[in-house]
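The values are calculated or read from the model by the stated rules, or taken from the named source; none is laboratory data. Bear in mind that the values here come from a model prediction, so they are computed numbers and not experimental data. Every residue, glycine among them, receives a Cβ derived from its backbone with ideal geometry; neighbour counts consider all protein chains shown. Remember, those area values only see protein heavy atoms, side chains included, never the ligands or the DNA or RNA. Shrake-Rupley method; radii C 1.70, N 1.55, O 1.52, S 1.80 Å.
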Amino acid sequence: MKLTTKEKTELFGEGVVTLILLLLLNLAITVIITQSIESNPGLRDGIFIIKQSVTFGPMHFHLLSWENLFIVAMGVIDVIIIYWRLIRRYHQMQLRHIISELHYIANGHFDHRIPFELKGDTERVIQSINALVDSVIESMNDERKVEVSKDKLVTSVSHDLRTPLTSILGYLGLIEDGQCKNQDEILKYSHIAYLKAQQMKQLVDRLFEYAKAGDKSKPSQEIDNIDVNALLEQLQASFKLDASKHGMSIEMKPLKKNVWIKANAESLGRVFNNLISNAFKYGKGGKHIYLSAKPEGKNGVEIVVANDGEQIPKRSLEHIFDRFYRVEESRNTKTGGTGLGLAIVREIVTNQGGYINVSSTKKLTAFKIYLPLDVNHPLQKNKRMVIGEENGKKEK
């Protein structure tokens, strides 16, 4: 930290004033001691005897004068006091600069950090302040993102609910106004209104499921011991019939050695149900769904749900787990779902202590789920989402 000219002058003045006061104090003490010795013959004789008795060095030198010894001692004490006073004042100046920097940051300059490099406790204070400011800024940014996310949520929900609701009101209005020619038209319009109501119910159910998956305040879920190979076999058997209806087959590659994980079986069931259902719905042109697993380090397992269907566009991969995001942007219910399925998947996997990545090429689209062997010991996310390219895979 550099001092200003004014501060240097202040520091110099502090040293001079302290030195003058100490010299006056030394003179006063010297005069008092000298007068005491002169007025007391016994004390003077005692000092003389001590001087003759005390010698130092190989030549046995005697102390020449007590005054010299006193002056040297007082000089050392004076230097220590002056040094202490200057250091104390310098630290006060440092604190003044730190407070000034804090006021500057508090006035809205949140991109500013205290630039001083000091030593000792003061440096730790500065580091703590800068870390605190970083934390506050990060919290503010997160809060802004939450607000933006809430706005998008309201907009998306409003759009997805308004469309079928408008149809429901329109067709029921025709029935209410008696504009139907016969009973068949009444049944036709009421059936359309029923289908639109089903769409609304599906969206509400998805919203509830998403809120439930992301609720961190709810009691801990029941933990089950799950055999990974048995899980893959069960998934293969459960979706075999649906796969054949879509002209696809499910192939399974189990672990060479059985691995058990501790997790909530119901939640994981929703994850794989969602991923496999998406493969049926969006894996156009695909003939195979691949289920596989392999160990992930010593404390985890990687489970992959892949299909050889249509490639997910590169621009969509980074948003694919965002709520209400759909690769098909028209939000037509005939070509896509609610946009909450993969957001729910990510929330569930995160709550189970793991994380999920996706990659997509012309040959294969793969969702990789990393789960800890024990939900109470979550995995550290050391891999980032992978963006597929025509020539292979590439980290984002």
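What number of residues within the range 340-374 satisfy the criterion of being of a type in the set (S, T, N, Q), under 21 Å from the mean Cα position of the chain (by Cα) and under 14 Å from residue 305 (Cβ atoms)? Working first, answer last.
Narrowing the range 340-374 to residues of a type in the set (S, T, N, Q): 350-352, 357, 359-361, 365.
If we keep only those that are under 21 Å from the mean Cα position of the chain (by Cα) as well, we get 350-352, 357.
Retained after the next criterion (residues that are under 14 Å from residue 305 (Cβ atoms)): 357.
The number of residues fulfilling the criteria is 1.
Out of the residues in the range 299-325 meeting the condition of being within 23 Å of residue 252 (Cα to Cα), open to solvent by 10 Å² or more (accessible area, probe 1.4 Å) and not in a strand (DSSP E or B), tell me which one is modelled with the highest pLDDT.
308
Suppose we filter the range 91-109 for residues that are within 30 Å of residue 23 (Cβ to Cβ) and surrounded by fewer than 15 Cβ atoms within 10 Å (Cβ to Cβ); how many remain?
Initial filter on the range 91-109 (within 30 Å of residue 23 (Cβ to Cβ)): 91-96.
If we keep only those that are surrounded by fewer than 15 Cβ atoms within 10 Å (Cβ to Cβ) too, we end up with 91-92, 95-96.
So the count comes out to 4.
Could you check the range 254-302 and list, in sequence order, the residues that are among the β-branched types (Val, Ile, Thr) and under 22 Å from residue 241 (Cβ atoms)? Talk me through it step by step, then tell me what you get.
If we filter the range 254-302 for residues that are among the β-branched types (Val, Ile, Thr), which is where we start, we get 259, 261, 271, 276, 289, 301.
Selection gives 271, 276, 289.
How about the range 176-209: which of its residues are open to solvent by less than 50 Å² (accessible area, probe 1.4 Å), modelled with pLDDT of 80 or more and of a type in the set (A, V, I, L, M)?
192, 193, 197, 200
Does the range 330-347 include one or more residues that are modelled with pLDDT under 90, touching a Gly at 6+ places or on another chain (Cβ under 7 Å), open to solvent by 10 Å² or more (accessible area, probe 1.4 Å) and not aromatic (Phe, Trp, Tyr)?
Among the residues of the range 330-347, at least one is modelled with pLDDT under 90, touching a Gly at 6+ places or on another chain (Cβ under 7 Å), open to solvent by 10 Å² or more (accessible area, probe 1.4 Å) and not aromatic (Phe, Trp, Tyr), which makes the answer yes.
Quick test of your reading of the structure: residue 145 fulfils all but one of (1) exposed (fewer than 11 other Cβ atoms within 10 Å of the Cβ); (2) in contact (Cβ under 8 Å) with a residue 12 or more places away in the chain. Name the failing condition by number.
(2)
Given the condition in contact with a Leu (Cβ under 9 Å, 6 or more places away or on another chain), among the small types (Gly, Ala, Ser) and exposed (fewer than 14 other Cβ atoms within 10 Å of the Cβ), answer yes or no: does some residue in the range 286-297 qualify?
Yes, some residue in the range 286-297 is in contact with a Leu (Cβ under 9 Å, 6 or more places away or on another chain), among the small types (Gly, Ala, Ser) and exposed (fewer than 14 other Cβ atoms within 10 Å of the Cβ).
Has the range 256-268 got at least one residue that is within 22 Å of residue 309 (Cα to Cα) and in a loop (DSSP other than H, G, I, E, B)? Walk me through it before giving the result.
First pass over the range 256-268, keeping only residues within 22 Å of residue 309 (Cα to Cα): none.
There is no residue in the range 256-268 that is within 22 Å of residue 309 (Cα to Cα) and in a loop (DSSP other than H, G, I, E, B).
How do the pairs read when you match residues in the range 119-136 that are without any contact (Cβ under 8 Å) to a residue 60 or more places away in the chain with residues anywhere that are open to solvent by 40 Å² or more (accessible area, probe 1.4 Å) and not hydrophobic (A, V, I, L, M, F, W, C), using Cβ under 6 Å and keeping only pairs 6 or more apart or on different chains?
What qualifies is 130/113.
In the range 152-163, is there at least one residue being in a helix (DSSP H, G or I), among the hydroxyl-bearing types (Ser, Thr, Tyr) and exposed (fewer than 14 other Cβ atoms within 10 Å of the Cβ)? Talk me through it step by step, then tell me what you get.
Going residue by residue through the range 152-163, those that are in a helix (DSSP H, G or I) are 152-163.
When the remaining residues are screened for being among the hydroxyl-bearing types (Ser, Thr, Tyr), the result is 155-156, 158, 163.
Narrowing further to those that are exposed (fewer than 14 other Cβ atoms within 10 Å of the Cβ): 155, 158.
Checked against the condition, which is being in a helix (DSSP H, G or I), among the hydroxyl-bearing types (Ser, Thr, Tyr) and exposed (fewer than 14 other Cβ atoms within 10 Å of the Cβ), the range 152-163 yields at least one hit.
Could you list, in sequence order, all residues of the range 116-137 that are open to solvent by less than 80 Å² (accessible area, probe 1.4 Å) and assigned to a loop (DSSP other than H, G, I, E, B)? Working first, answer last.
So in the range 116-137, the residues open to solvent by less than 80 Å² (accessible area, probe 1.4 Å) come out as 116, 118, 120, 122-123, 125-126, 128-131, 133-137.
Across the range 116-137, the qualifying residues are 116, 118.
To keep it simple, each residue is scored yes or no on (1) at pLDDT 85 or above; (2) open to solvent by less than 100 Å² (accessible area, probe 1.4 Å); (3) more than 30 Å from residue 129 (Cα to Cα).
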{"position": "3", "(1), (2), (3)": "no, yes, no"}
{"position": "39", "(1), (2), (3)": "no, yes, yes"}
{"position": "69", "(1), (2), (3)": "no, no, yes"}
{"position": "84", "(1), (2), (3)": "yes, no, no"}
{"position": "111", "(1), (2), (3)": "no, no, no"}
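Within the range 8-20, take every residue that is surrounded by fewer than 14 Cβ atoms within 10 Å (Cβ to Cβ) and hydrophobic (A, V, I, L, M, F, W, C) and give me the one that is farthest from residue 89 (Cα to Cα).
If we take residues in the range 8-20 being surrounded by fewer than 14 Cβ atoms within 10 Å (Cβ to Cβ) and hydrophobic (A, V, I, L, M, F, W, C), then 20 is farthest from residue 89 (Cα to Cα).
Does residue 213 satisfy being at pLDDT 90 or above and not in a strand (DSSP E or B)?
Details: at pLDDT 90 or above: no; not in a strand (DSSP E or B): yes.
Against the criterion (at pLDDT 90 or above and not in a strand (DSSP E or B)), residue 213 does not qualify.
Do you know which of the residues in the range 224-243 that are of a type in the set (Gly, Ala, Ser) and open to solvent by less than 70 Å² (accessible area, probe 1.4 Å) is farthest from residue 293 (Cα to Cα)? Spell out the reasoning first.
Step one: filter the range 224-243 for residues of a type in the set (Gly, Ala, Ser), giving 230, 237-238, 243.
If we keep only those that are open to solvent by less than 70 Å² (accessible area, probe 1.4 Å) as well, we get 230, 243.
On the way: 230: 11, 243: 20 Å.
Ranking the candidates gives 243 first.
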